[in-house]
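Report on the following structure.
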Amino acid sequence: MPELAAGILRWIGLLGLMGLAGPAILDGWILRGRPGLDPGPGHARRSRRLAVTGGLLLAASALAAAMVAAWELTQGRPALLGRFLVGTHTGRAALIQAAVGLAGAVLAWRCWPGGLPAGRTWVLVALAAVAAVVWNSHAGIRGGSALVVDGLHVAAVALWIGGLLRLALLDWRALEHRGELGSPRVLAALIRRFSDLGALAVLATAVSGILAARRNLYGADALIRSPYGQALLAKLALVAVLLAIAAVNLFALRPWLERAAGAVTRRTGGARRRRGALGGAGAGSADGPGRDAADAVGAGHGAGGAGDPPPAAGRRPAVVVRRLVRAEAVAAVAVLLASGILAVLPPADRPAAATEPVTWRAEVGGEPVELALQPGQRGAVTLSARSLGRVPLARGLVRLDMPEHPMGLYQVALSPPADRGAGSTGTLEARAVLPMPGLWRLTWTLALENGAQATVTTDFEAAGAPGNQRQGRLSLRAAFQSTGGAIQATVALLGLVEAAALVAIGWRRLWPIPFGAGLIALALAAWLLGQVAWIDAYPTTYVPNPLPDSPAVVAQGRRVYETHCAACHGPEGRGDGPAAAGMLPPPADLTGVHVRQHTDGDLYWWITHGIEGTAMPAFEDVLTEEERWAVIRFIRRLDPRDR
């Protein structure tokens, strides 16, 4: 299925999730228990319809995407469609999402309250939908921590954007003519309650999004060059627009409404005091200027008390709020579209690997030309073109694309090698990076010195980097294994605390400068901490060593080490063995911080699969599992502190 179509179906599913979650968030958490925020008799009917529509969209999008994928995979054979839906994770996850969506729609249609706003238990229906959406994604296939991180991310998005879309779909035009809801006091209370809840959701979205990006992108090349990384950059640009509008609502709209609410409260109190001084009955209690805006609505507003502004006086604040909230909602819908496309793209969690050189032959203006691809490390390749005839090449350009995953413009210019000119050989070359495995199409545009030009297309299948199944993990223990790391980690942790204090102060007092400075400080402190505490993790990272730390096991490990490891790592493990001369990078010092930072499972993975980009070979076919675990027991004894 084309990824754009699949992304649109995923977007429809996300809109359905927002429709199911939004009414529960707004009615159950923002409006419930606040009589002054009652939006009127038609509100419950609108919420029920939106929840029903959301559930149906959630179900229909999952079934449509699964059926199209099944049809393509089975080549339209009906007998295999059922087996796909029941026998594969994708099919079962789609059925679960459809079932949850239909159940949510039925519950909303039959049980949604018709009067008061819905109770908070309706959020459980939204959380069930979140779980179904996450299970029907890359995280559902990966399992483990990916499910937790993506679950938190989608739940926070549903809380924030779901509530925002429901807020935008209020009957604002009718409310503008109702003095009690069009007043600045009630609008200020509404924006305050929503922004306080949204702040927690934005923070959770940011943290979980960073962790997910670290898992799905192996590096900067993947972010810039891969379709997944490019889609993520587009999403981040839209998120920046969304946050800019949200910042206007928080730091400009909310203070303006609260100032207007205070002015109305003072005028109301003054009018009531004047009526009491003139002997009017019901002098009662005046609203204090510090009273909560929602509680200050009172019965006087509903009855059109003499001290309250007429309905027309509240129209301008309501119009401003409606326009800004809907602008933020439009940006949120665009973010959901980018999220839908991102969800169906394959993650660029490992670079491509070219295992051997590839050459092609072509002709340019009747002259034979040799095209070549030379593999490098971490997806790097060298592309070259060489004239085999009498006329050398003058210039060249290579465009790199993936037919199955359309990318943006990615091209490199061919130029003479740095160590020699192009005059005699006519050789041109350029370095490129293949950020993800799959079928690559290279479009060569070449020109000879006599002016002849030609365009040649070649295909190349790039495999995934062997043994590169690492993921990141945060380990404070690893950070404190060296003096420099401990100092940097301590500074970073203190910076996180101070940054959090700045963010909290800026948020509570609506001061944009401390708030922005706190966000920048949070990012810097997190980066500093990540430099020393974020280390690689592998499938065996948390597998304990099954062999006891006994003299017999250590002696067995010593024999393995002396036979297979000492030539490079040295007899004492300091990386100074006789075979280490000229190695770049040099063998690791097994007595230092490097080993202490990693688990026995990490060492087992490296011994088994080798380390990409180094001279460390794989011993999977050389040593038994017992010998690999035994040599790890011996390596631990090389640390001078353990002797």
So who's got an amide H within less than 5 Å of the one on Y538, skipping anything under 5 residues away but keeping other chains? H placed 1.01 Å off N, in plane. Q471
Compute, for the stretch 191-271, the length of the dipole vector about the Cα centre, with Cβ point charges of +1 (Lys, Arg) and -1 (Asp, Glu) only. Units Debye, rounded to 20. 240 debye
Once label points are set 7 Å from the Cα along Cα→Cβ at both W71 and T563, what is their separation, rounded to one decimal in nm? 6.0 nm
Difference of contour (0.36 nm per residue) and Cα-Cα distance, L80 to T53: 6.6 nm
Per DSSP, loop GluC sites (Glu not before Pro) in the stretch 536-643 with at most 14 further Cβ within 10 Å: E572, E620
Per residue accessible area in Å² of the stretch 489-563, where ligands, DNA and RNA are left out and the probe is 1.4 Å: 59 Å²
Accessible area of the stretch 148-243 belonging to carbon and sulfur atoms, whole % at 1.4 Å probe: 75 percent
Cα-based shape type of the stretch 570-623, given that a ≥ b ≥ c are square roots of the gyration tensor eigenvalues and the cut on a/c is 1.5: oblate
For the stretch 188-250, with every protein chain kept in place, what is the accessible area per residue (1.4 Å probe, Å²)? 41 Å²
Can you pull the one-decimal nm distance between simple spin-label points at E626 and Q531, each 7 Å off the Cα toward Cβ? 4.7 nm
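The values are calculated or read from the model by the stated rules, or taken from the named source; none is laboratory data. Predicted model, so just to flag it, every value in this text is computed and none were measured. Please note: Cβ atoms are built from the backbone with ideal geometry, for glycine as well, and neighbour counts cover all protein chains shown. Side chains included, ligands, DNA and RNA excluded: accessible areas come from the protein's heavy atoms. Shrake-Rupley method; radii C 1.70, N 1.55, O 1.52, S 1.80 Å.
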